[in-house]
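Colleague: Quick one: this structure, given as structure tokens, is what I'll be asking you about.
The values are calculated or read from the model by the stated rules, or taken from the named source; none is laboratory data. Every value quoted in this text rests on a predicted model; they were computed, and no experiment measured them. All Cβ positions, glycine included, derive from the backbone under ideal geometry; neighbour counts span all protein chains shown. The protein model used for the area step is the full one, side chains on, heavy atoms only, and it has no ligands, DNA or RNA in it. Shrake-Rupley method; radii C 1.70, N 1.55, O 1.52, S 1.80 Å.
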Amino acid sequence: MQITVYSASSGQVPQTYIKAAHELGRLIALGGHTLVNGAGRTGLMGACADACLANGGKAVGVIPQFMIDQGWQHTGMTRLEVTPDMHRRKELMAEMSDACIALPGGVGTLEELLEIITWKQLGLYLKPIVVLNTGGYYDPLLQQLQRAVDEQFMRSQHAAIWQVAATPAEALQLAQTTPLWDKSVRKFAAM
């Protein structure tokens, strides 16, 4: 599988998140999968790629040119796909993926996760989406999404768009075993 991993590029985050990113990268490599991420060299993004590569895996980075101009790219990636902008970056990461896993992150990661959830709700993306909820990081967001269901901003069926994992091993298992989304649910995207 090609597994797209959304994650933070900040190098200032607690080690528990770095360790989980490292473990996910290691498991992706040992499983014979390919990591697809945003090609950042620091933070969870860099840790996941470093571990994948160190364990004989392939890591494909998708990065806009302006980030390369800033020197933010991971220089050890198996392959870099350079895009003209952030919009094409996200689109290509989704196109390349057989599943998406979201590790903790800031607004960029949150935006990527919510966009891919939206695409799946609309039937534009049918593959597994897994939220790796390390240390309960995503608890507030998951509560908000449940509130959206409870208050009928989303249908109850839409709560099955994403899966939640507590560990990197569980996240990878869910990425591999969650069935494709039924795109006929698209007709229920609006309430």
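Colleague: For LEU180, put the label point 7 Å out on the Cα→Cβ axis and report which residues of the stretch 116-142 keep their amide N under 12 Å from it.
Modeller: The answer is 125-128.
Colleague: Just to be sure I understand the rule: take each whole DSSP H helix in the chain, project its Cα atoms onto its long axis, keep it if the span is 20 Å or more and its mean Kyte-Doolittle hydropathy is at least -1.0. Which ones pass? It would help to have the intermediate numbers written out before the result.
Modeller: Values: long enough: 15-30 (22 Å, 0.30); 107-121 (21 Å, 0.27).
For the chain, where a helix must reach 20 Å along its axis and average at least -1.0, the hits are 15-30, 107-121.
Colleague: Now for a different question. Under a point-charge model restricted to the Cβ atoms of Lys and Arg (+1) and Asp and Glu (-1), what is the dipole moment magnitude of the stretch 49-191 relative to its Cα centre, in debye to the nearest 20? Mind showing how you got there, number by number?
Modeller: Working: 12 positive and 15 negative charges, 82 e Å.
For this selection, approximately 400 debye.
Colleague: Further, regarding this structure: How are the Cα pair distances of the chain distributed, in percent, across 5 Å bins from 0?
Modeller: Cα pair-distance distribution for the chain, in percent: 1, 8, 17, 22, 21, 15, 9, 5, 1, 0.
Colleague: Assuming R0 = 25 Å, can you tell me the calculated FRET efficiency for the pair ALA148 and GLN70, based on Cβ-Cβ distance, to the nearest 0.05?
Modeller: Working: r = 36 Å, r/R0 = 1.42.
That pair, ALA148 with GLN70, gives E of 0.10.
Colleague: Taking 0.36 nm per intervening residue step and subtracting the Cα-Cα distance, what contour gain separates GLU95 from LEU126 on full extension?
Modeller: Details: separation 31, 0.36 × 31 = 11.16 nm, distance 1.09 nm.
Extra length available between GLU95 and LEU126 comes to 10.1 nm.
Colleague: How large, in percent, is the carbon and sulfur part of the accessible surface of the stretch 41-191 at a probe radius of 1.4 Å?
Modeller: On the way: 3990 of 7400 Å².
C and S fraction of accessible area: 54 percent.
Colleague: Can you check what the net charge comes to around VAL131, using other residues whose Cβ is under 15 Å from the Cβ of VAL131 (Lys, Arg +1; Asp, Glu -1)? List each step's numbers first, then the result.
Modeller: Working: positive: LYS120, LYS127; negative: GLU111, GLU112, GLU115, ASP139, GLU170.
My count for the surroundings of VAL131 gives -3.
Colleague: Contact order normalised by length for the chain, with contacts defined as Cα pairs under 8 Å and 6 or more residues apart; what percent is it? All intermediate terms of the calculation are to be shown ahead of the outcome.
Modeller: Numbers: 393 pairs, mean separation 41.8, N = 191.
Averaging sequence separation for qualifying contacts and normalising by length gives 22 percent for the chain.
Colleague: I want the local charge near CYS52. Using Cβ-Cβ distances under 15 Å, sum +1 for each Lys or Arg and -1 for each Asp or Glu among the other residues.
Modeller: Details: positive: LYS19, ARG26, ARG41, LYS58, ARG79; negative: GLU23, ASP50.
With Lys, Arg at +1 and Asp, Glu at -1, the net is +3.
Colleague: Let me ask something additional. How many Å² of accessible area per residue for the stretch 38-81, probe 1.4 Å? Before the final figure, lay out each step's value.
Modeller: Values: 1890 Å² over 44 residues.
Ligands and nucleic acids excluded, the figure is 43 Å² per residue.
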